[in-house]
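Only the coordinates and a few stated rules stand behind these numbers; no lab work does. In this text the structure is predicted, and so the values were computed from the model without any measurement. Backbone-built Cβ (ideal geometry, glycine too); neighbour counts: all protein chains shown.
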Amino acid sequence: MKYAVRTLLNSPAFSLVAIVSIAIGIAGNAVIFSAADALFLRARPGISDPGRLVDVGGTRIGRALDTMSYPNFVDLRDRSRVFDGIAAYRPVAEVFGLTINGSAQPAYGTAVSGNYFQVAGVPMTAGRAFAAGEDRIESPSAVIVLSYQLWDRRFGADPRAIGRVVRLNGRPFTIVGVAASGFAGTNVSIADFWIPIPSYTALMANAGATGDELRGASEVLNSRASVWLVANGRLKQGVTLAQAKDDVARLGRDLEREYPEDNRGRGIGIERSRPVPPAGRTPAALFVALLFALVFLILLIACTNIGGMLLARGMARAKDVSLRMALGASREQIVRLLLTESLVLSTAGALLGIGLSLLLIRLMSAMIPALPLPVSVELRLDWRVVTFSGALAIVTALLSGLWPALDASKHDLVSTFRTDVAARGPRRLRLRHAFVVAQMALSVLLVVTALLLGRSLHQAGVIDPGFSMDSVEAMRLDLQLGGYSDRAVRTFHADLLSRIAQIPGVQSARRGKRSTFDPQSFRTGAS
Amino acid sequence: MNQPLIKLEGVRKVFYTDEVETHALDNINIEIAKGEYVSIAGPSGCGKSTLLSILGLLDTPTDGKYVLNDRPATQLSLSERARVRNREVGFIFQSFNLIGDLTVYENVELPLTYRGMRSAERKQRVTAALERVGMAHRAKHLPSQLSGGQQQRVAVARAVCGEPSILLADEPTGNLDSKNGEAVMDLLKELHSSGATICMVTHDARYASHAERTIHLFDGRVVEESVATSSH
């Protein structure tokens, strides 16, 4: 090792180029791994004993884990034998109008079953979690648990917030608790608050302006055909994932048999809990895999580049290698020596790459809050990323150093006695050519992939939607967030459209419930 | 003659290229006894270095038998040959062949490292070998900081520190001026006096005469053997 370091220090230009090449390759991979870590591996903050937490959802033949109906969840909760507890929730937080002290602001919230916090093992910073009975369909309670972040932001972390009434989309809800600091949900979709599922359905059913009318739970809670929830289950101590899978699959078959009309072809599945919601896992995994392929290609190019340089260096050191073998070094000892140099280079490259990835992660983390999505993908450099980078350094050392090392160890020992050992014949030239060809091929592949990706993005931006988008202005209004009744909304829109149409230059103004490119929003357009 | 340390019987070496077949050695029969000092002389291209390569297990004969220290050496595997080279043979090269990135101490230590010897024993042997050739005071220097003569003395120290059965020297004075050349020859003679077996290739008759016996090669064949009548 000492010799390897000294040898590399004696060739600073070679070492620098090799280390920087490796650093770039490893940094890219470390950043993408960090994203994969945040999306698939690392448990969300605030959850106790995440290893026992699983995601439970509906399944259909040939499809990934997805949502399930509320009645199926209730049956699963009541009949399953493998969970300490199982809690349902909406997998993606939705925007609500949250009014505090007369000031309404958009806030992201999600509907959960009453035992959500107990199952996730999330303690309360203030107040309490939902109590038993607060999520009963027949008597839903208008109660709300705030995230620590919202409590801090809107109430200055004042404990007297507990018991106060806020308005969600105009309906009164009583704050009963504040979740532990850092907890924003069991997946990447972050929530500012949580409300019981029956209260949520009543709210979304637009039940009316008074709290009493929240009691009118919507039909969705009784329909097995409406699949809109996923669940977190906490496995009992000693229960394996395989046992749990068998148990819920059996329950799924029972429910299909008992309710064939709504459950035909549907089952219940289970997976280790991951930050990405079940339905988003496949596309997210494909996207991450694509990114991995690209950055690994860059690392491969770096490896072939370094491999070529090591080969050339091996030619220059042919006499040293021959001499060592003449003095009794075995082929293994020579390969080990040369691989140690590759490993030193890769380790130095990995260290620099980790530093570089830290910068990239900070840059990307600064960009994520700008996304118009309530998601939290916390990129960071943890032990997993460092371990991954270390493993990558070993792979890099082997990829770039093994071939040249094996080649160098095949030296003709007779050359030790000669002074003209530079010429090593066509075999070595072929090897150098192979490295150059591989490097060129990988570079071309990378360039072509990058061009295709760029072209696809450009095409997506200029795609013809089938109608003219020239001189069209769109705006978004969600009056429900302000607690407007349906009648008031209709009146408002009619008045707004009439007044927009009177503006000089406006040819027409239209209102739509959903715009072409935004399937979730209510929109009003004018052109 | 004492019991032979080296015995070659009917050794041939043929180099094959695409169209040409070169007979480098033909029917070589040589014996070298323990403690003997033999020189191999002959003009350029007569096969001296090829013979030395075979003796040093750097190359294999095309035909014939080679017995080193009572052990057939022709059919050894690559790893066995490396092991035998490391323990039985000490090389002294014309161009010194010290590794530029290693200090004098590390260069001398190298063959012992490959032997897997413990650090304390290595240190003892390297120090002794450097003192023997008068280079102990330069142990921490790099080869580039030494003169040619000094480098060759370090190479001699490297060759002897493992206490090999035989020292093979390939034109050890070839890159030295006459003064340093004589100094190296004196060193070899001193080693021989203390019991070392030496086989030296040289085309210089003056240096060949330092040996007890000279084997003359021509066109890959032994054409003459002469025994020195007096010592220098």
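In the protein assembly as shown, if the dipole is taken from +1 on Lys/Arg beta carbons and -1 on Asp/Glu beta carbons about the Cα centre, which of B:188, A:269, B:126 is farthest to the positive end?
Going by the charge dipole, the pick is A:269.
Note down the relative contact order for chain B as a percent, whole number, built from C-alpha pairs under 8 angstrom at least six residues apart. Don't jump to the answer; show the numbers that get you there.
Working: 457 pairs, mean separation 64.9, N = 232.
That works out to 28 percent.
What base-10 log of the normalised intensity I(q)/I(0) is obtained for region A:36-98 from the Debye formula, alpha carbons as equal point scatterers, at q = 0.14, 0.16, 0.18, 0.28 Å⁻¹?
So the normalised log intensities work out to -0.58, -0.75, -0.93, -1.28.
Which value, in debye to the nearest 20, gives the size of the charge dipole of the protein assembly as shown about its Cα centre, when Lys and Arg are +1 and Asp and Glu are -1 at the Cβ? Write out the running numbers ahead of the final one.
Values: 84 positive and 69 negative charges, 299 e Å.
Roughly 1440 debye, rounded to the nearest 20.
Starting from the amide H of residue A:512, placed 1.01 Å from N in the peptide plane, find each other amide H under 5 Å away whose residue is 5 or more places distant or on another chain.
Excluding prolines and chain starts, which carry no amide H, the hits are A:523, A:524, A:525.
FRET efficiency for residue B:3 and residue B:190, Cβ-Cβ distance as r, R0 = 25 Å, nearest 0.05?
Details: r = 24 Å, r/R0 = 0.96.
So, using R0 = 25 Å, E works out to roughly 0.55.
Return the calculated 222 nm mean residue ellipticity for chain B, to the nearest 500 deg cm²/dmol, obtained by summing -39500 (n - 2.57) across DSSP H runs with n ≥ 4 and dividing by the residue count.
Values: 7 runs with 78 residues, N = 232.
So the helix-based figure for chain B works out to -10000 deg cm²/dmol.
Cα gyration tensor of chain B, axes a ≥ b ≥ c as square roots of the eigenvalues: rounded (a/c below 1.5), prolate (a/b > b/c) or oblate? Write down the numbers at each step before the final one.
Working: a/c = 1.65, a/b = 1.38, b/c = 1.19.
Prolate, since a/c reaches 1.5 and a/b exceeds b/c.
Averaging over every viewing direction, what projected area does the convex hull of the Cα atoms of chain A cover, in nm²? Write out the running numbers ahead of the final one.
Details: hull surface 134.0 nm².
Mean projected area for chain A: 33.5 nm², to one decimal.
So if we plug the beta-carbon distance of residue A:459 and residue B:17 into 1/(1 + (r/R0)^6) with R0 = 45 Å, what FRET efficiency do we get, rounded to 0.05?
On the way: r = 60 Å, r/R0 = 1.32.
Step by step, r from the Cβ atoms, then E = 0.15.
With r as the distance between the Cβ atoms of residue A:410 and residue A:1 and R0 = 30 Å, compute the FRET efficiency 1/(1 + (r/R0)^6) and round to 0.05.
0.80
Can you work out ³J(HN,Hα) from phi for every residue in region A:291-301, in order, using Karplus 6.51 cos²θ - 1.76 cosθ + 1.60 and θ = phi - 60°, giving whole Hz and x for Gly and Pro?
5, 4, 4, 5, 6, 5, 4, 4, 5, 4, 4
As a test, work out the antiparallel percent of DSSP beta bridges whose residues both lie in chain B, rounded to the nearest 5. Please report the intermediate quantities before stating the final value.
On the way: 22 of 40 bridges.
In chain B, approximately 55 percent of DSSP beta bridges are antiparallel ones.
Would you mind counting up the charge near residue A:110? Only other residues with Cβ under 10 Å from its Cβ, with Lys and Arg at +1 and Asp and Glu at -1. Display every interim value, and only then the final one.
Details: positive: A:90; negative: A:94, A:192.
Neighbour charge sum, excluding residue A:110 itself: -1.
For region A:214-279 and region B:1-73, compute the distance between their C-alpha centroids and round to whole Å.
What the calculation gives is 83 Å, centre to centre.
Starting from the amide H of residue B:200, placed 1.01 Å from N in the peptide plane, find each other amide H under 5 Å away whose residue is 5 or more places distant or on another chain.
Under 5 Å from the amide H of residue B:200 lie the amide H atoms of B:38, B:39, B:40, B:169, each far enough along the sequence or on another chain.
Starting at the first residue of region B:45-56, write each ³J(HN,Hα) from the Karplus equation 6.51 cos²θ - 1.76 cosθ + 1.60 with θ = phi - 60°, in whole Hz, x for Gly and Pro.
Ordered by residue, 3J(HN,Hα) equals x, 7, x, 4, 5, 5, 4, 5, 4, 5, 4, x Hz.
Given charges of +1 on the Cβ of Lys and Arg and -1 on the Cβ of Asp and Glu, with all other atoms neutral, how large is the dipole of region A:82-182 about its Cα centre, in debye to the nearest 20?
Details: 9 positive and 7 negative charges, 67 e Å.
That gives a dipole near 320 debye.
Which percent, nearest 5, of DSSP beta bridges in the protein assembly as shown are antiparallel?
Details: 70 of 96 bridges.
In the protein assembly as shown, DSSP labels about 75 percent of beta bridges as antiparallel.
Enumerate the whole-percent occupancy of each 10 Å bin, from 0 to the last occupied one, for all C-alpha pair distances of region A:52-153.
Bins of 10 Å from zero give 12, 40, 34, 13, 2 percent of pairs.
Assuming a ≥ b ≥ c are the square roots of the Cα gyration tensor eigenvalues, decide whether region A:227-330 counts as rounded (a/c under 1.5), prolate (otherwise, with a/b larger than b/c) or oblate. Walk me through the intermediate numbers first.
On the way: a/c = 5.25, a/b = 2.94, b/c = 1.79.
Prolate is the answer for region A:227-330, as a/c is 1.5 or above and a/b outweighs b/c.
When only C-alpha pairs under 8 Å and at least 6 residues apart count, what is the relative contact order of chain A, in percent?
Working: 903 pairs, mean separation 115.1, N = 527.
With pairs under 8 Å counted, the relative contact order is 22 percent.
Positive end of the dipole of chain A, charges at C-beta (+1 Lys, Arg; -1 Asp, Glu), about the Cα centre: which of A:89, A:45, A:355 has its Cα farthest in that direction?
A:355
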